[in-house]
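Input: a single structure, listed below in structure tokens.
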Amino acid sequence: MVDLESEVPPLPPRYRFRDLLLGDQGWQNDDRVQVEFYMNENTFKERLKLFFIKNQRSSLRIRLFNFSLKLLSCLLYIIRVLLEKPSQGNDWSHIFWVNRSLPLWGLQVSVALISLFETILLGYLSYKFLFILQIFWPTLRNLFVPVFLNCWLAKHALENMINDLHRAIQRTQSAMFNQVLILISTFLCLIFTCICGIQHLERIGKKLNLFDSLYFCIVTFSTVGFGDVTPETWSSKLFVVAMICVALVVLPIQFEQLAYLWMERQKSGGNYSRHRAQTEKHVVLCVSSLKIDLLMDFLNEFYAHPRLQDYYVVILCPTEMDVQVRRVLQIPMWSQRVIYLQGSALKDQDLLRAKMDNAEACFILSSRCEVDRTSSDHQTILRAWAVKDFAPNCPLYVQILKPENKFHIKFADHVVCEEEFKYAMLALNCICPATSTLITLLVHTSRGQEGQQSPEQWQKMYGRCSGNEVYHIILEESTFFAEYEGKSFTYASFHAHKKFGVCLIGVRREDNKNILLNPGPRYIMNASDICFYINITKEENSAFKNQDQQRKSNVSKSFYHGPSRLPVHSIIASMGTVAIDLQDTSCRAASGPTLALPSEGSKELRRPSIAPVLEVADSSSIQTCDLLSDQSEDETTPDEETSSNLEYAKGYPPYSPYIGSSPTFCHLLQEKVPFCCLRLDKSCQHNYYEDAKAYGFKNKLIIVAAETAGNGLYNFIVPLRAYYRPKKELNPIVLLLDNPPDMHFLDAICWFPMVYYMVGSIDNLDDLLRCGVTFAANMVVVDKESTMSAEEDYMADAKTIVNVQTLFRLFSSLSIITELTHPANMRFMQFRAKDCYSLALSKLEKKERERGSNLAFMFRLPFAAGRVFSISMLDTLLYQSFVKDYMISITRLLLGLDTIPGSGFLCSMKITEDDLWIRTYARLYQKLCSSTGDVPIGIYRTESQKLTTSESQISISVEEWEDTKDAKEPGHHRSMHRNSTSSDQSDHPLLRRKSMQWARRLSRKGPKHSGKTAEKITQQRLNLYRRSERQELAELVKNRMKHLGLSTVGYDEMNDHQSTLSYILINPSPDTRLELNDVVYLIRPDPLSYLPNTEPSRKNSICNAAVQDSREETQL
């Protein structure tokens, strides 16, 4: 075999690597051409240019040296003037010739030669020609040279030096700084030139010195003009005129440029200095567009906390500052703490201006006013990524709109998804009334001072209780809860409320990140547990008084006086401290108080006493609600059992429409429903129903009117199908959608029982009737995305408000829950123009806003009753999480968005006549804690209005007035006539009584037959006039129902609740009296925590579940 290596010839010597680099003698005989690089920069001229001009650091030194020479020339001129003796006479030779000493002349010539050499050198480098050197004769030694004009050269050298300095340190120069420097240097040069020129020209006049010249220039340029020092020669006067003209031309130009830059800087916001960022604390707010409502909500909530008063807020927004925002930021309270920067979060330069890497937190908010909310989320995601890339250690607080985009920002410290919270609150509003109002009041910071100046008792109670918030403290450090170490949770909750008036709602173990709401009586409190409680203020800002001291201190007068009998001992608030007096319970029996019926019920048997709350739970004493076995289903009759064709199972939904949804144990179907059967108004091969009435639902409907079936709508269905809701209480859900849903959404809802959809709109009466609005319990109207962008911001809700008002007039007995974009528009909900009570509430709202309240809208009846809600009111949840990092988790647990094993859930119970023997809220607290382990957190109360509505809506017949004047229950109206008074005479009941009696006596005068006829005609006219509008609306609805083939049975057009008002009392006083129809909010323990296997397994599929008997077993 041939050796291949022996056949390869060696490389010639000139091709060796060393020779390729260095070359050799044989290179010239080769065809290749050697190329040398950067040869032009090696010439003497290029090296000089590199040193003097191109190199930043060396050119900076040269310019600094040149600037020093110019200043030295001006200094030598001043020394020459000061050393020169005053000349005698007024000869013009004194202008052209001066006395100059030899050393001074030598210094000036040296400086001039150096400057000339530098000028020649720079001219050679720049313009490639040499200057001709001027030859000085000795006779020209004392010739006057205006050396003071070198100040203008020094000004030019200073500008170049500043530019080189910025280039050398690699920093972007500030245009404002450069302009200010140019303005100051120009002004100084003008003053210096004028001083030296006048002094020299007055050598043949008044012979002014430098100080007199300075005084004259300052007085002249300041337009004061005293006239004590004036120029005498015509040359100096001409020089002054010339300098004034130059100043009038040059200075305004400089001021104009400075003002323009200042205005541009005001628009962009300038920079937040590095020194301030290192010495002060600041947070950054990133938004795409800043509205005045968003800004005020953020500032009011952020600065409501005392420890945030020394923080600064830096706003980073890409748009120009709005006029209203600019006006607000000029208020001294905000101008010193809020800095507006125009820039983008996607630019590192703008993030550097905001000093994002030194910020304590960054809030990134989405623009909900855009039509394309998905695009708004995409912008928010990019901002979050950019901030995380620039400042990885900066905590992020992100607001997102669509739940399907939430997993992109899982790295954020706190995330609030708008549609998740919105639909969950709207769903709970249907089963726990006014849940949206309850959550809104809990996440707002307030001192409970709202409504205290009102004459209405309910407004005082409602405003006072609205100051309750959620706080936390470690058990062993707490005065409230330290004594309950080693005792059960319900024992600690009840006794803390009884003794201090605080409501313990949850705990968290030291070694666990999960918060447990009401873990139940079997949970034993540890010293290291973190307790979460509801109170007016946190314990650290509280002082404690015994009840004996309370009586001595003459503080028996309280806001709570009247029918509710709220005592002083619960809470006494001040601006910074809250005094909470301690009840002396030592005299009470350990077994607890004994309950007896009032004296008027003595004929009946005594009710049993309320059992005491045990320190350690006893399994025999806890009557847990067996929600898993659904014992209520056993009570159904055989007819009901045979009529129910579908069997329900309990388990986790097999399909979620988006990533990141928390799994919830729910009522599910054994098999998923075909998509065709989900359509309510269309028959298919499986059923022949075409309207809601044909289905024969036993419970009333819940109708949701939305534009599209977004993934957030899934969170509306889940709380209404949660496992802890009894099967018999499940309400059918009808989705009234403007656009057909997609297959992914139908795939997610087809496993839930009694969930249907229908394509239609609330604008169409036929669609409303088909979907069953006449026998619906609740109608939820979701704000449409297409209407959120309007020419006028507050007009975005116009269509929704008018549609809801139409529903309110057509179906007055229907409970309508509405979502609005702007909270200010809730005053238009169920609007009655001549309602005196609504006008009084409007005035109260204005007064509360003038007092600086953040919850001025809380007294509006629709909001207080939970019938209107705006998602922007939940923005404070994200802001409050900066101080209370647990608020988002607690809110999600209350709304059912998250389910944690062992954590309770929010529900409600209604006070009936059988429950009134309990009498007070404290006894109810004890009853619930000792029996079921429930923890009450508030009351939803409904009572009659004291002021009546207008005569145009409710009127009274003259004939029936005396028969109805003693009626005690408002709201029980006859079908043809209503019991109320006119708004004009509501304040004068005696006048109205006398006038009606007079009218009745007058109607009885005259012939008997004519009186009866006239009375009958008058009655018919009154009925026709007073009932015409309502009758027309009722006839319209009934005619449409007949046209659609629907039965008119059940439609009661006259049954409304306009004469009632509802409000919430969060954590009321223990001695608050219970009233009939009060709805109590409860946090009920998790029923799964009482089972042997507390954690349900997700391995069992719903589709494989067998048909069970009437007592349904839970899938675990």
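The values are calculated or read from the model by the stated rules, or taken from the named source; none is laboratory data. Please read these numbers as outputs of a predicted model, since none were measured by experiment. Cβ coordinates were reconstructed from backbone atoms using ideal geometry, including for glycine residues, and neighbour counts include every protein chain displayed. What goes into the accessible areas is simple: the full protein's heavy atoms, side chains included, and nothing from ligands, DNA or RNA. Shrake-Rupley method; radii C 1.70, N 1.55, O 1.52, S 1.80 Å.
Key figures for this structure:
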{"quantity": "Enumeration of residues in segment 809-824 that are open to solvent by 20 Å² or more (accessible area, probe 1.4 Å) and in a helix (DSSP H, G or I)", "calculated": "Arg809, Pro823, Ala824"}
{"quantity": "Every residue from segment 386-398 that is of a type outside the set (Phe, Trp, Tyr) and either under 13 Å from Asp348 (Cβ atoms) or crowded, with 24+ Cβ neighbours inside 10 Å (or both)", "calculated": "Ala386, Val387, Lys388, Asp389, Ala391, Val398"}
{"quantity": "Matching residues, segment 81-108, being at pLDDT below 75, in a helix (DSSP H, G or I) and not polar (S, T, N, Q)", "calculated": "His94, Ile95, Phe96, Trp105"}
{"quantity": "Residue within segment 211-223 that is outside any helix (DSSP H, G or I) and either open to solvent by 30 Å² or more (accessible area, probe 1.4 Å) or at positive phi (or both) present", "calculated": "yes"}
{"quantity": "Selection within segment 675-696 - closer than 18 Å to Tyr1051 by Cβ and free of Cβ contacts under 8 Å to residues at least 60 places away in the same chain", "calculated": "Ala694, Tyr695, Gly696"}
{"quantity": "Residue, nearest to Asn803 (Cα to Cα), within segment 856-869, restricted to residues that are surrounded by fewer than 24 Cβ atoms within 10 Å (Cβ to Cβ) and touching an Asp or Glu at 6+ places or on another chain (Cβ under 9 Å)", "calculated": "Arg860"}
{"quantity": "Failed condition for Ala482, given (1) within 25 Å of Pro901 (Cβ to Cβ); (2) out of contact with any Ser or Thr (no Cβ under 8 Å at 6 or more places or on another chain)", "calculated": "(1)"}
{"quantity": "Members of segment 873-919 that are open to solvent by 20 Å² or more (accessible area, probe 1.4 Å) and assigned to a helix (DSSP H, G or I)", "calculated": "Ser889, Arg892, Glu913, Asp914, Asp915, Leu916, Trp917"}
{"quantity": "Checklist (1) farther than 20 Å from Ile816 by Cα; (2) open to solvent by 20 Å² or more (accessible area, probe 1.4 Å); (3) of a type outside the set (Ser, Thr, Tyr); (4) not in a loop (DSSP other than H, G, I, E, B) applied to Val718, failing item", "calculated": "(2)"}
{"quantity": "Complete set of residues in segment 224-235 that are over 60 Å from the mean Cα position of the chain (by Cα) and open to solvent by 70 Å² or more (accessible area, probe 1.4 Å)", "calculated": "Phe226, Asp228, Glu232, Trp234"}
{"quantity": "Meets criteria (at pLDDT 50 or above, open to solvent by 60 Å² or more (accessible area, probe 1.4 Å) and out of contact with any helix residue (DSSP H, G or I) (no Cβ under 7 Å at 6 or more places or on another chain)) for Glu647", "calculated": "yes"}
{"quantity": "Any pair with Cβ under 9 angstrom, 6 or more apart, that starts in segment 645-667 at a residue that is part of a strand (DSSP E or B) and ends at one that is open to solvent by 60 Å² or more (accessible area, probe 1.4 Å)", "calculated": "Lys650/Glu1113; Gly651/Arg1098; Gly651/Asn1100"}
{"quantity": "Filter result (open to solvent by less than 40 Å² (accessible area, probe 1.4 Å), out of contact with any Pro (no Cβ under 6 Å at 6 or more places or on another chain) and of a type in the set (A, V, I, L, M, F, W, C)) within segment 688-715", "calculated": "Ala692, Ile702, Ile703, Val704, Ala705, Ala706, Leu713"}
{"quantity": "Those residues of segment 832-855 which are under 21 Å from the mean Cα position of the chain (by Cα) and surrounded by 14 or more Cβ atoms within 10 Å (Cβ to Cβ), in sequence order", "calculated": "Glu845, Glu848, Ser853, Asn854, Leu855"}
{"quantity": "Some residue of segment 730-749 being open to solvent by 20 Å² or more (accessible area, probe 1.4 Å), touching a strand residue (DSSP E or B) at 6+ places or on another chain (Cβ under 8 Å) and part of a helix (DSSP H, G or I)", "calculated": "no"}
{"quantity": "Subset of segment 336-370 [open to solvent by less than 50 Å² (accessible area, probe 1.4 Å) and without any contact (Cβ under 8 Å) to a residue 40 or more places away in the chain]", "calculated": "Arg337, Val338, Ser344, Asp350"}
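For (1) in contact with a strand residue (DSSP E or B) (Cβ under 6 Å, 6 or more places away or on another chain); (2) over 30 Å from Arg307 (Cα atoms); (3) at pLDDT 90 or above; (4) among the β-branched types (Val, Ile, Thr), each residue gets a yes or a no:
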| site | (1), (2), (3), (4) |
| --- | --- |
| Thr891 | no, no, yes, yes |
| Leu895 | no, no, yes, no |
| Ala922 | no, yes, yes, no |
| Gln926 | no, yes, yes, no |
| Glu943 | no, yes, no, no |
